[in-house]
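The values are calculated or read from the model by the stated rules, or taken from the named source; none is laboratory data. The structure displayed is predicted, hence computed values, not measured ones. With ideal geometry, Cβ positions are generated from the backbone for all residues, glycine too; neighbour counts draw on all protein chains shown.
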Amino acid sequence: MQNFFITGTDTNVGKTHISCALLRDLRQRGIPALGYKPLACGDRADARAMRDATESSLSLDTINPIYLRTATAPYIAAELEQVEIKIEHLMACYHELCKSNAPIIVEGAGGWEVPLAPGLSISDLAVALNLPIILVVGNRLGAVNHTLLTLQAIAARGLECKGIILNHMSEEWDTASLTNRQLIERYTDVPVLAELICGQDDLDSRILERL
């Protein structure tokens, strides 16, 4: 199974939730997958969740090499904390994980174009990694527009989005959440791999093997 880069249409759309669901299912089927969270701001809850999902003994510094305590965009947090974010460092940490020969789920930070440093965004890291993309979409009003714009941006960087996962953000379903999938499938050829209801924490990772 190949490695994947998980991005989202925005922050707080469920990237970690989806990543952990995939990692848990892979582990349960005897596939020793690992999670990689290159950057985290505010806390390390996402990195801890990925480690727990894999039942790994890896250190948080290995899973999450750049941790910025300020809960804001990485660019601003790095400036405030006088930390230099370098793609080369994040790539070296990724390649170190690759030595395990385990499938790796890489989770981005925020949306596709979140700034990291002057002239540098999370999309530049995705390009450097050159992994197939899975797009997590918060299934709410505006999701169709955000999805199509993000897909265009991914294609413009020469990468392929292999699939979309819709994540319901609320227990209540409105007209938008009921019809978003239909419109997304009508306007793009990228398959919707799964649609999770609010709070659903299981996801069959065999969808990855079919990509």
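In the condition set (1) within 26 Å of Ala49 (Cβ to Cβ); (2) surrounded by fewer than 21 Cβ atoms within 10 Å (Cβ to Cβ); (3) not aromatic (Phe, Trp, Tyr), Arg157 is compliant with all but (1). Residues that are under 15 Å from the mean Cα position of the chain (by Cα) and either farther than 24 Å from Val136 by Cα or among the hydroxyl-bearing types (Ser, Thr, Tyr) (or both): does segment 86-103 have at least one? Yes - at least one qualifying residue is present in segment 86-103. When Ala77, Ala117, Ala71 are checked against the criterion of being in contact with a Leu (Cβ under 8 Å, 6 or more places away or on another chain) and of a type in the set (Gly, Ala, Ser), Ala77 stands alone in meeting it. Could you tell me whether segment 14-28 includes any residue that is touching a Pro at 6+ places or on another chain (Cβ under 6 Å) and touching a residue at least 40 places away in the same chain (Cβ under 8 Å)? So far as segment 14-28 goes, no, none of its residues is touching a Pro at 6+ places or on another chain (Cβ under 6 Å) and touching a residue at least 40 places away in the same chain (Cβ under 8 Å). For segment 117-142, a residue qualifies if it is assigned to a helix (DSSP H, G or I) and within 15 Å of Cys161 (Cβ to Cβ), and the qualifying residues are Ile122, Ser123, Ala126, Val127, Leu129.
Remark: pairs (first residue in segment 84-113, in contact (Cβ under 8 Å) with a residue 60 or more places away in the chain; second residue small (Gly, Ala, Ser) and assigned to a helix (DSSP H, G or I); Cβ separation under 6 Å; 6+ apart in sequence or on different chains) = Ile105/Ser19; Glu107/Ser19; Trp112/Ser123; Trp112/Ala153. Taking the listed residues Ile6, Ile31, Ile85, the one that is modelled with pLDDT under 95 and either surrounded by fewer than 21 Cβ atoms within 10 Å (Cβ to Cβ) or touching a strand residue (DSSP E or B) at 6+ places or on another chain (Cβ under 6 Å) (or both) is Ile31, with no other qualifying. Pro132 fulfils the conditions (1) surrounded by fewer than 18 Cβ atoms within 10 Å (Cβ to Cβ); (2) touching a residue at least 40 places away in the same chain (Cβ under 8 Å); (3) out of contact with any strand residue (DSSP E or B) (no Cβ under 7 Å at 6 or more places or on another chain) except for a single criterion, (3). For segment 175-205, give me each residue that is touching a helix residue (DSSP H, G or I) at 6+ places or on another chain (Cβ under 7 Å), farther than 18 Å from Phe4 by Cα and in a strand (DSSP E or B). Passing the criteria: only Glu195. The criterion of being in contact with a Phe, Trp or Tyr (Cβ under 7 Å, 6 or more places away or on another chain) and of a type in the set (A, V, I, L, M) holds for Leu97. Here Ala78, Ala109, Ala21, Ala49 are screened, and the one residue that is over 19 Å from the mean Cα position of the chain (by Cα) and outside any loop (DSSP other than H, G, I, E, B) is Ala78. Residue pairs whose Cβ atoms lie under 6 Å apart, sitting 6 or more positions apart in sequence or on different chains, and linking a residue in segment 161-186 that is more than 15 Å from His146 (Cβ to Cβ) and in contact (Cβ under 8 Å) with a residue 60 or more places away in the chain to a partner that is of a type outside the set (Val, Ile, Thr) and part of a loop (DSSP other than H, G, I, E, B), are Lys162/Pro132; Lys162/Leu211.
For segment 53-75, how many residues are free of Cβ contacts under 8 Å to residues at least 24 places away in the same chain and outside any helix (DSSP H, G or I)? Number of matching residues: 3.
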